[in-house]
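S.K.: Shown below is the structure under consideration.
Values in this text are rule-based calculations from the coordinates and carry no lab data. Keep in mind that what you see is a predicted model, and the values were worked out from it rather than measured. No Cβ is skipped: glycine too gets one built from the backbone with ideal geometry, and neighbour counts run over all protein chains shown.
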Amino acid sequence: MLTIYSKAQCPYCDQAKSLLELKGIKYEEVKIDEVPEAREFVLAEGHRTVPQIYKGNKLFVSGGFQGLSNLTESELYEKLND
């Protein structure tokens, strides 16, 4: 399952979630403005923006929503099955 690190009032976060929902891909959302440990994790990983999308504890795609939307359908499902 994917984890999306997001925050309130973030249009790119909303777009990333909508894209995954459209494709029927399940995810867990963790809001960094509500969970301090999540914010610390994102910062420790070297990120300064959200959304950040992880599969387990590995970055699923760099670039947040842009990176996700640039994946072809086959690339997306290949990465999900890795």
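S.K.: Can you give the longest run of the chain that contains no GluC sites (Glu not before Pro) sitting in a DSSP loop with at most 15 other Cβ atoms inside 10 Å?
M.R.: Working: sites that count: Glu34, Glu45.
Result for the longest clean stretch: 46-82.
S.K.: Straight-line reach from Lys23: which aspartates and glutamates fall under 18 Å, measuring Cα to Cα and dropping same-chain residues less than 8 apart?
M.R.: Asp14, Glu73, Glu75, Glu78, Asp82
S.K.: I need to check one value: relative contact order of the chain, counting alpha carbon pairs closer than 8 Å and at least 6 residues apart, in percent.
M.R.: Working: 101 pairs, mean separation 29.1, N = 82.
After rounding, I find 35 percent.
S.K.: Relative to the present Cα-Cα distance, how much length would full extension add between Leu19 and Lys31 at 0.36 nm per residue of separation? Show your work: numbers first, answer last.
M.R.: Values: separation 12, 0.36 × 12 = 4.32 nm, distance 1.78 nm.
In short, 2.5 nm is gained.
S.K.: Please return the longest range in the chain lying between exposed loop sites, taking trypsin sites (Lys or Arg not before Pro), DSSP loop only, at most 10 other beta-carbon atoms within 10 Å, and leaving the sites out.
M.R.: Numbers: sites that count: Lys26, Arg48.
The longest such stretch corresponds to 49-82.
S.K.: Another question about this same structure. Once phi is turned into ³J(HN,Hα) by the Karplus curve 6.51 cos²θ - 1.76 cosθ + 1.60 with θ = phi - 60°, what whole-Hz value does each residue of the range 57-65 show in order, with x for glycine and proline?
M.R.: 10, 10, 4, 6, 8, 7, x, x, 4
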